[in-house]
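What follows draws every value from the coordinates through simple rules; no lab data is involved. On a predicted model such as this, the values are computed, not experimentally measured, just so you know. Cβ sites come from the backbone with ideal geometry, for glycine too, and all protein chains shown count toward neighbours.
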Amino acid sequence: MTVPHGEAVADWVDMLADEAQKQWFGRVAVLDAAATLISNLRVWENLILPVWRRDNVPLAALEESVNSVFDLAQVAQVQREKLVMQLPAVLDKAERRLVILLRSVLIGPACVIFEEDQWHDLAARTRDSPHARLFARLQQSDCLIVVGPSPAPDGFGRVAIVERG
Amino acid sequence: MRKTFHPLLGLWRTVPALRSPAVRRVLLKQIYFTSNQAAYLVALIGFALGAIVVLQLHDVYGQSWESSLRVLGRLGMNELAPLLGSLIMVARSASAVASELANMRANGEFRCLSRHGIDVVEYLLLPRVLGMTVSAVVLSGCMALFALVGGIIFSAGWDAGYQIAQVERMVQPGWILVCLGKSAVFGFSAGVFACGVGLITKPLPTELPKAASRAVFIGILMLFIIDFVWSLIL
């Protein structure tokens, strides 16, 4: 989807996310360019929050889900244990992106909305990185929307909603 | 004003969200940080307050120890404990709530929650307002209790056991209800205004520090206005 620069992108993402939530409540993942996390929650709380709020499932079940997503990303045990206990303020940009990817995959999204910068960054990563593995999983979602100011590349229209299957 | 506090006007409708463990977790954290961590301070102040009131009444105004304790019971339960307990809570926590919310809004965290289908009022505002309400009740109750203990110890000394056995002379059940009810209203008001200040603060780095002082100022002002109105009506 091609939109003007700046705040308009965020507004469009808000609107799209709002509409998507009406259709697939709790199954919408949004990957914004700033990789926003909730600052007063540790990483593990950030990871589980959307699913916990949606399903009200026990924390033990969520822990299994979190571990399976880490397994999918092939993040080393030592690294994941260190990562989940940290607050967002101490994470670098790559770690924040990893966390929002993990959170998005954990949601099991029916719809994924990317801000364009995030999309380009993830698409440029090498295939054997945790980011790329999770990105590949997200691309299998039923509905994939990329929002940004750039003209749509070949194969995309001005408004492009990628549908699978 | 209506637009500013608009999310808070529908707060009561979000109460069923407390069924969610994620929301309850925020509420419990709020109660822990607001009341549990302040309880020692409030207990200490309450103890000193009880002792001061009883000693002043006895030494300066010539009241008997028994009479002094009865005045302390009434004054402490009806006025001092709810007001001072809530005042300490506002001074400690209103600024924290307002600046935290203002920061979260400035950093796009409200937006992030909404995009993931999490209602900001349910997840952020409801637990904070309820947490401050519960905390005000706990802190005021704690202050009233320790004020009585302080008063009894300083008036009766080693015979404190006798005074404790006669506690119904100092405190009536109605006064306890007034203490808890008043502090609940104070806490609710402080929570609503702290959240309101957090919501109206412009998302600019220069505005964020102002949110903290504004929340304390408005919170204290509202406490005294409500107490004044309460005194006029009841």
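Using the Cα centre as the reference, give the magnitude of the dipole from point charges on the C-beta atoms of the protein assembly as shown (Lys, Arg: +1; Asp, Glu: -1; all else neutral), rounded to the nearest 20 debye.
In debye, rounded to 20, the protein assembly as shown gives about 280.
Across the options B:L113, B:V138, B:W175, the greatest Cα extent toward the positive end of the charge dipole of the range B:85-181 (unit charges at beta carbon of Lys, Arg, Asp, Glu) belongs to B:L113.
In chain A, helical runs assigned H by DSSP with n ≥ 4 each contribute -39500 (n - 2.57); averaged across all residues and rounded to the nearest 500, the mean residue ellipticity at 222 nm is -16000 deg cm²/dmol. Near the amide H of B:D119, under 5 Å away, which other amide H atoms are found, from residues 5 or more places off or on another chain, if H is placed in the peptide plane? Excluding prolines and chain starts, which carry no amide H, there are no hits. In chain B, once you exclude exposed trypsin sites (Lys or Arg not before Pro) (DSSP loop, at most 14 other Cβ within 10 angstrom), what's the longest stretch remaining? With trypsin sites (Lys or Arg not before Pro) excluded where exposed in loops, chain B gives B:4-234 as its longest stretch.
Derived scalar couplings between HN and Hα for the range B:29-37 equal 5, 5, 5, 4, 5, 7, 9, 4, 6 Hz in order, rounded to whole Hz, by the Karplus curve 6.51 cos²θ - 1.76 cosθ + 1.60 (θ = phi - 60°), x for Gly and Pro.
Coupling constants for the range B:72-78 follow from the phi torsions by the Karplus curve (6.51 cos²θ - 1.76 cosθ + 1.60, θ = phi - 60°), and in residue order they are 4, x, 5, 5, x, 5, 7 Hz; glycine and proline get x. The HN-Hα couplings worked out from phi for the range B:115-125 by the Karplus form 6.51 cos²θ - 1.76 cosθ + 1.60 (θ = phi - 60°) are 4, 9, x, 9, 5, 5, 5, 5, 8, 10, 7 Hz, whole numbers, x standing for Gly and Pro.
Pairs of alpha carbons in the range A:24-70 separated by more than 14 Å make up 56% of all such pairs.
Near the amide H of A:V30, within less than 5 Å, lie the amide hydrogens of A:I113, all on another chain or at least 5 residues away, with H placed in the peptide plane. Put a plus charge on the Cβ of each Lys and Arg, a minus charge on the Cβ of each Asp and Glu, and nothing anywhere else: the dipole of the range B:39-118 about its Cα centre is then about 400 debye. The angle between the Cα long axis of helix B:95-106 and the main principal axis of chain B comes to about 0°, on a 0 to 90 degree scale.
P(r) tail for the protein assembly as shown: Cα pairs beyond 38 Å make up 35% of the total. Placing R0 at 56 angstrom, the Cβ-Cβ distance between B:S231 and A:K22 gives a FRET efficiency of 0.70 after rounding to 0.05. Shape analysis of chain B based on the Cα gyration tensor places the equivalent ellipsoid semi-axes at 39, 17, 15 Å, largest first. Taking amide hydrogens as placed 1.01 Å from N in the peptide plane, the amide H of A:L144 sits under 5 Å from those of A:V112, A:V162, each at least 5 positions away in sequence or on another chain. Using the alpha carbons alone, the radius of gyration of the range A:9-147 stands to its Kirkwood radius in an Rg to Rh ratio of 0.93. How about B:K29: which lysines have a C-alpha closer than 30 Å to its C-alpha, ignoring those fewer than 8 places off in the same chain? Reachable lysines: A:K82, A:K93, B:K3, B:K182, B:K202, B:K210.
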